[in-house]
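Q: Got a structure for you, written out below as structure tokens; questions coming shortly.
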Amino acid sequence: MLTKLVFISDRLPEFRNYFRSDHSNHFRLDMLSHTEANQRYIYHNYYELFIIDLREPWLSIPQWIREQTQQHYFHLFIFITDKPLNPLLTKLLGQRIFKTISFEEAKDNLSAFTEEVAHFFEEHQYKYDKSKFITEVPFEGLIGDHPSVKRINDFIKLVSRARFAPCLISGEGGTGKTLCAHLIHHANDLHDDLFFVKNCEKATTSELLGDLFGVDDESGIYGPKRHGLFEIYNGGTIVLQNIEKMPPDVQDKLLLYLEDKIFRPLGSNRVIESSVRIIAMSEYKLDRLVKRRDFNPDLFFHLNAFEISLPPLRERGEDILLLSDYYLQYAAQVLAKAVHSISLPAQRLLKEYAWPGNIRQLKQVLEKAVLHCKSSEISLEDLPDYVNGGQSSFHEDNHLGNCSLKEIERLHIERVLANTNGNKSKAAALLQISRTTLREKLRQYAID
């Protein structure tokens, strides 16, 4: 029997007819905005039915959706959207998605859909096959429409089939090398407990040898007695960051391990067999280091069996806004702020910036912008000065000549609301329009 459901929407007044219907006598109905849902309210409650209104499809899927999926089997989802659902969301929820309906259908027939769900629960007609429910996050891949990103996603799937084959990932800092390694690991349905990252930079020869292969010697010459990473993470993945910084003696022993998959801990004749996928990462082209004899050529050829080269963000101009929208949604969810969009002038600035820190820098910029944003839209004033060339006077007003009249009107309404602390009566008086007209414009421009 359906006893408890939650309706999540940022435009709840649009569904007033649904809330006035008599179905509320049959079950408990909670009403939340998306911001409230992200403020951990959902985490402490169990619902049999989620009705989720999406004006824009989720690019970044909220963590509470993932947790509900992993912790509870017996609940369903109705999505209200006029756009296709994120394919990852479809894979994640599977048969839990009861219906996907348009906004107009929902306004007119949502009560009928809810009663249909209630009937299924009452008659036990909805069959749950737990074996089909995904408890781990399905393969997401790198985000982007650039041809190089699509090729890399296809190659990651290919690499995952060679279960323990080593792999080399190269690219500038912040391009997503560690994420790429995680995707290879997860493509084999492995838990994060079998994933470890070791940075070779500033590590001494004895420290790296002990950490990787372990120490059986009690003399203390090689440090404290301990198990090595190759033994602890047998069956998993070890990522070696800054592989070009690995001392020559460690390179030689790593090569022997890759050839035979056996090793001896320091100070011991005990032979240990271990199967670990080695993923090496570097910001440099290792083949150039090999030519200069600064890196073991045989080790390079082993690691280079599968190579992934990640392009810098400046070469992926068409993906900058897509990634910006993703990190905007992600930051808004984490910070529980009702920030939904990026202004057109700010979009232009994001596309024109060179992004020396690549995707990592873009993520940090969007997180800070969402944190500082005082409206539902990120403006130029929310972006750091270095993104706009350090020009402190580089504000929205400089770009109004490139905006439509509707864009200017929307910006002006948002500023008036900000100046009146959200007081709609004062805002309507300043704008010299009625409250009814203001409400209509707020609805038209999706201003909360």
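Q: Whole-Hz Karplus ³J(HN,Hα) for region 221-231, in order, using 6.51 cos²θ - 1.76 cosθ + 1.60 and θ = phi - 60°, x for Gly and Pro?
A: Couplings: 4, 9, x, x, 5, 6, 7, x, 4, 5, 7 Hz.
Q: Could you give the nm distance between label points at Gln347 and Glu207, where each point is 7 Å from its Cα heading toward the beta carbon?
A: About 4.8 nm separates the two model spin labels.
Q: Restricting to the chain, compute how many DSSP beta bridges are antiparallel as a %, nearest 5.
A: 10
Q: Counting only other residues whose beta carbon sits under 10 Å from that of Phe15, what net charge do I get with K and R as +1, D and E as -1?
A: +2
Q: Net charge within 13 Å of Ala428 by Cβ-Cβ distance, Lys/Arg positive one each and Asp/Glu negative one each, not counting Ala428 itself?
A: Around Ala428, the surrounding residues sum to +4.
Q: Per-residue HN-Hα couplings for region 54-61, Karplus 6.51 cos²θ - 1.76 cosθ + 1.60 at θ = phi - 60°, whole Hz, x for Gly and Pro?
A: After applying 6.51 cos²θ - 1.76 cosθ + 1.60, I find 10, 6, 10, x, 5, 8, 9, 7 Hz.
Q: What list of ³J(HN,Hα) couplings, whole Hz, do you get for region 379-384 from phi and the Karplus terms 6.51, -1.76, 1.60, once you set θ to phi - 60° and write x for glycine and proline?
A: 10, 4, 5, 7, 8, x
Q: Related question: How do 191-201, 295-305 rank on mean C-beta neighbours within 10 Å, highest first?
A: Going from most to least packed, we get 295-305, 191-201.
Q: Which three lengths, in whole Å and largest first, does the chain cover when its Cα atoms are put on their principal axes?
A: 83, 64, 40 Å, listed from the longest principal axis down.
Q: Determine, for each peptide in 377-386, 215-224, 282-291, the mean count of other beta carbons within 10 angstrom over its residues, then list the peptides with the highest first.
A: Packing order, densest peptide first, comes out as 377-386, 282-291, 215-224.
Q: Let me ask another. Can you give the helix-only mean residue ellipticity at 222 nm for the chain, where every DSSP H stretch with n ≥ 4 adds -39500 (n - 2.57) and the sum goes over all residues, rounded to the nearest 500 deg cm²/dmol?
A: -12000 deg cm²/dmol, from helical runs alone.
Q: Taking the Cα centre of the chain as origin and charging only Cβ (+1 Lys, Arg; -1 Asp, Glu), how large is the dipole, in debye to the nearest 20?
A: 380
Q: Which FRET efficiency, nearest 0.05, do Arg66 and Asp217 yield, Cβ-Cβ r, R0 56 Å?
A: Taking R0 as 56 Å, the efficiency between Arg66 and Asp217 is 0.80.
Laboratory data are not the source of any read-out in this text; all were calculated from the coordinates shown. Please read these numbers as outputs of a predicted model, since none were measured by experiment. Positions of Cβ are generated from backbone atoms using ideal geometry, with glycine treated the same way; all protein chains shown enter the neighbour counts.
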